[in-house]
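Shown next, in structure tokens, is the structure this report addresses.
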Amino acid sequence: TGTIGPAGERLLPIAAIVFDGHDARMAGRGGLGAVMGAKRLKGIAAYGRGATPVRDPAALKQSIKAVAGDIVQRTMALKDFGTASGVLPSNELGDLPIRNWRGGLWTEGAQRISGQRMTETILKGKYYCGSCIVGCGRVVEVDSPSHGKIAGAGPEYETLAGFGSMVLVDDLEALALANELANRAGIDTISAGNIAGFAFEAFERGLITPADTGGRELRWGDADAMLWLVRALGTGEPEMAHLLAHGVRRAAEALGGGAEDFAVHVKGMEPPFHDPRAFSSLAVGYATSPNGASHWAATHVIEGKVALPELGYPSQVDRFATVGKGILTAKMQDYIGTFHTLRLCRFLIRIGARPVLDWYRQVTGREVDLDELMRVGARMSNLKRIFNVRCGITRKDDRLPPRLLKEPRPDGGAAGYLPDLETMLNEYYDYRGWDRDGVPRPETLERLGLGREAADLATKTMPGRAGRAHAN
């Protein structure tokens with residue numbers, strides 16, 4: 001089942017679709033809950049009555065069995081501590097966003113909200129997606145005088161960062177409650193966490209006042225203020241919360257006073273809590289993601305601990321390098337795009353491409369090699385870009401907010417580094433076969449079997465482009 005909460009009913013752009021109850025998973029990014037709300041659709045329930053056809057079930061079962069141990073071994077941190085296992089290493093690497101993306105290190109706070117601390121204190125069980133052997137989902141229980149009784153899904157890394165390090169709240173029980181409130185309201189905790197950081201900074205600068213919040217002061221480290229804001233975003237009340245719930249771009253435009261300088265978004269969507277000043281490929285990944293800043297469009301794990309020799313990366317890549325990152329990002333977008341189509345967990349990138357190709361053959365009976373798989377991914381990437389170009393999206397929109405492009409982190413594992421976006425963007429466009437405006441060239445689309453789309457694009461004058469000629 002997929003349902004929406006009050007945020008979707010109110011058509012808020014941070015509204016998510018909640019699957020299998022509030023304990024489970026969400027389609028959180030991009031306001032899909034508002035799309036359902038606009039159609040006056042509260043929920044969808046689907047019940048399968050037949051088996052999924054598999055060409056060679058015995059071979060599939062054996063293939064999965066053969067790689068199961070490798071999957072568990074390569075995802076042990078996720079199995080033990082969930083995605084919250086990323087809090088401590090992200091802090092050390094300078095990847096964890098702190099104080100609305102202004103800080104560098106938050107060591108004691110990170111320890112208090114880490115996956116390890118969750119396991120020691122409030123963890124009661126695990127949540128497994130269907131047929132999964134890892135179980136990275138957390139089930140928690142809180143019973144305290146301050147926050148009452150909570151039993152349900154535990155906060156993921158993104159939620160801990162958004163409602164924790166972004167506003168300097170290190171109360172794990174409060175973060176569990178914030179997660180529960182967000183789930184029940186049906187709101188995306190990534191956008192909501194960025195909104196919280198923006199709102200706290202706007203309050204610090206005097207652009208939001210107690211008169212706007214019903215007397216509530218938004219002070220860094222104040223768990224009660226954070227919880228008040230999460231509740232307010234879900235209801236859209238008071239009026240300031242309604243404005244904030246429409247995202248940091250719209251809120252910054254309304255507030256003025258330089259708010260645009262600390263409104264962190266790409267194409268209107270707030271970024272996930274991984275910093276392009278710590279992993280340079282994230283800069284071009286966020287900039288070119290078709291729906292705004294998203295870590296689902298690509299992956300930066302090749303800059304971490306994961307190698308993918310089949311794609312030309314036999315060992316991890318220097319995370320601060322510039323050269324090669326445009327190509328890396330395009331490859332990862334295409335590769336991960338096929339995972340989405342095949343409905344594979346992206347954490348399986350850790351085991352390489354060979355099992356994926358085997359599973360595809362065993363399920364469908366069709367032989368496919370890595371080149372064909374990547375070609376499918378490239379077709380998807382280009383189709384998404386064509387759609388956006390038709391909507392007026394070009395290079396001018398493939399950019400990062402000032403805070404992530406011009407303000408280095410003051411200390412920690414990524415201190416002083418700023419990504420060279422323009423160089424990486426040129427490399428990305430060249431590898432893609434797009435012009436310097438970010439528009440796919442006709443010959444690129446023809447090569448991918450998208451001749452009809454190339455012809456259609458050539459006959460249209462896109463918003464913001466005077467003619468049809470491609471830039472060099």
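The values are calculated or read from the model by the stated rules, or taken from the named source; none is laboratory data. The structure displayed is predicted, hence computed values, not measured ones. Counting neighbours? That spans all protein chains shown, and the Cβs are built from the backbone with ideal geometry, glycine included.
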Near pairs, Cβ below 7 angstrom, 6+ apart or cross-chain, from the range 94-109 (closer than 18 Å to Leu282 by Cβ and modelled with pLDDT of 95 or more) to any residue that is surrounded by fewer than 19 Cβ atoms within 10 Å (Cβ to Cβ) and among the aliphatic types (A, V, I, L, M): Gly94/Ala415; Gly104/Ala415
Scanning the range 183-233 for residues that are under 18 Å from Arg10 (Cβ atoms) and either of a type in the set (S, T, N, Q) or not in a helix (DSSP H, G or I) (or both) gives Asn183, Gly186, Ile187, Asp188, Thr189, Ser191
Only residues that are surrounded by 14 or more Cβ atoms within 10 Å (Cβ to Cβ) and either among the small types (Gly, Ala, Ser) or modelled with pLDDT under 95 (or both): list them for the range 198-230, please. Ala199, Ala202, Gly221, Ala223, Ala225
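Residues checked against (1) in contact with a strand residue (DSSP E or B) (Cβ under 6 Å, 6 or more places away or on another chain); (2) farther than 18 Å from Ser165 by Cβ:
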residue	(1), (2)
Ala110	no, no
Gln116	no, no
Thr119	no, yes
Lys124	yes, yes
Gly135	yes, yes
Ser146	no, yes
Could you tell me which residue of the range 265-299 is surrounded by the most Cβ atoms within 10 Å (Cβ to Cβ), considering only residues that are in contact with a His (Cβ under 8 Å, 6 or more places away or on another chain) and at pLDDT below 85? His295
Give, as residue ranges, the helices (runs of 4 or more DSSP H) completely inside the range 36-155 that count at least 2 residues that are over 30 Å from Lys406 (Cα atoms). 57-74, 76-81, 115-121
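I'd like the residue in the range 67-82 that is of a type outside the set (Val, Ile, Thr) and touching a residue at least 40 places away in the same chain (Cβ under 8 Å) and, out of all such residues, is surrounded by the most Cβ atoms within 10 Å (Cβ to Cβ). Spell out how you get there, then give the answer.
Going through the range 67-82, the residues of a type outside the set (Val, Ile, Thr) turn out to be 68-70, 73-74, 76-82.
Applying the additional criterion that residues be touching a residue at least 40 places away in the same chain (Cβ under 8 Å) yields 68, 70, 74, 78-79, 82.
Numbers: Ala68: 12, Asp70: 13, Arg74: 19, Leu78: 21, Lys79: 17, Gly82: 26.
Per the criteria, the residue is Gly82.
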Of all residues in the range 111-139, count the ones that are of a type in the set (Val, Ile, Thr) and modelled with pLDDT under 95. 3
Are any of the residues in the range 3-22 among the polar types (S, T, N, Q) and under 24 Å from the mean Cα position of the chain (by Cα)? yes
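Is it the case, given these coordinates, that Arg436 is modelled with pLDDT of 95 or more and either surrounded by fewer than 15 Cβ atoms within 10 Å (Cβ to Cβ) or not in a helix (DSSP H, G or I) (or both)? Let's see the steps before the verdict.
On the way: modelled with pLDDT of 95 or more: yes; either surrounded by fewer than 15 Cβ atoms within 10 Å (Cβ to Cβ) or not in a helix (DSSP H, G or I) (or both): yes.
Here the answer is yes, as Arg436 does meet what is asked.
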